[in-house]
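Just below is one structure, and these are the notes that go with it.
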Amino acid sequence: MKHLLLFATIAVALPVSVAVAGMLSGHVDVPRSSLSVDVSGSDVAHSAEGFITDLTSEGIGFLADDGMSDADRKAGFKKLLNNNFDMNTIARFSLGSNWRNASKAQQDEYLGLFKAMIVNVYSERFNNYSGQKLSVTGSRAEGGSDILVHSLMTQASGPKVKIDWRVRDRSGKFQVVDVIVEGVSMAMTQRSDFSSVIQRGGGDIEALLAHLRKS
């Protein structure tokens, strides 16, 4: 059930991770930018809420368009990721301390594989979209430089799903750095998943790279 809820979230343009079912909820402290942003003002908060509203509207737009080809949907999904998600921050956080232990060549390959994995894995599941809608319900300052934008996803059947978006100002442009679904951080979930792959490979990051090359 948890996996289905997470996929439904992905279908409404939340491509942060390949989630693992059953992970415990938890707060994730994604590495901060050196930029200090005052997010206490209502104008900034409203702008962040508008950013999430526009993002989800764009995602739903191409998912619900029966006239689009699979290739066009995949291209739209990739564009949405690149324009609205800080994929480098998400990818580096997902690797945890293993990032520092990786060589420059391994880091570069990992970043490329991570981004390709997100696009390839979820673009194959777009046909599962079944009319989910998302509405923004408010926001709050988080950690000094972030805004946590609250929203609810409505499904054709079943309960509403609470989704929080951690949004960060990147030199005047908002980007998503984490999504929390019913208290479960997608960034933290992905980090745990990758850590398990590396541990099973004897602590060698090459085990994860080999795993991602197959995605």
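The values are calculated or read from the model by the stated rules, or taken from the named source; none is laboratory data. Since the model is a prediction, treat every value here as computed from it, not as a measurement. Note that each Cβ is placed from the backbone with ideal geometry, even for glycine, and that neighbours are counted across all protein chains shown. For accessibility, only protein heavy atoms count, side chains too; no ligands or nucleic acids. Shrake-Rupley method; radii C 1.70, N 1.55, O 1.52, S 1.80 Å.
Some observations on this one:
- Accessible area of the stretch 37-134 divided out per residue, in Å², using a probe of 1.4 angstrom: 49 Å²
- Against the criterion of solvent-accessible heavy-atom surface with a 1.4 angstrom probe, 110, 129 sort, most first, into 129, 110.
- Rounded to the nearest whole Hz, the Karplus-based 3J(HN,Hα) values (6.51 cos²θ - 1.76 cosθ + 1.60, θ = phi - 60°) of the stretch 101-107 follow the sequence 7, 7, 6, 4, 5, 5, 4, with x at glycine and proline.
- Net dipole in debye of the stretch 62-187 [+1 Lys, Arg Cβ; -1 Asp, Glu Cβ; about Cα centre; nearest 20]: 220 debye
- Among 107, 148, 44 the positive-end extreme of the charge dipole of the stretch 38-180 (Cβ point charges): 107
- Couplings for the stretch 188-197, taken from phi via the Karplus curve 6.51 cos²θ - 1.76 cosθ + 1.60 with θ = phi - 60°, read 5, 4, 5, 4, 5, 4, 5, 4, 5, 4 Hz in order; Gly and Pro are left as x.
- Other-chain or far-sequence residues with amide H under 5 Å of residue 170's (modelled H): 175
- Accessible area of the stretch 70-215 belonging to carbon and sulfur atoms, whole % at 1.4 Å probe: 45 percent
- Amide H contacts for residue 178 (H built 1.01 Å from N in the peptide plane; partners 5 or more residues away or on another chain; cut-off under 5 Å): 166.
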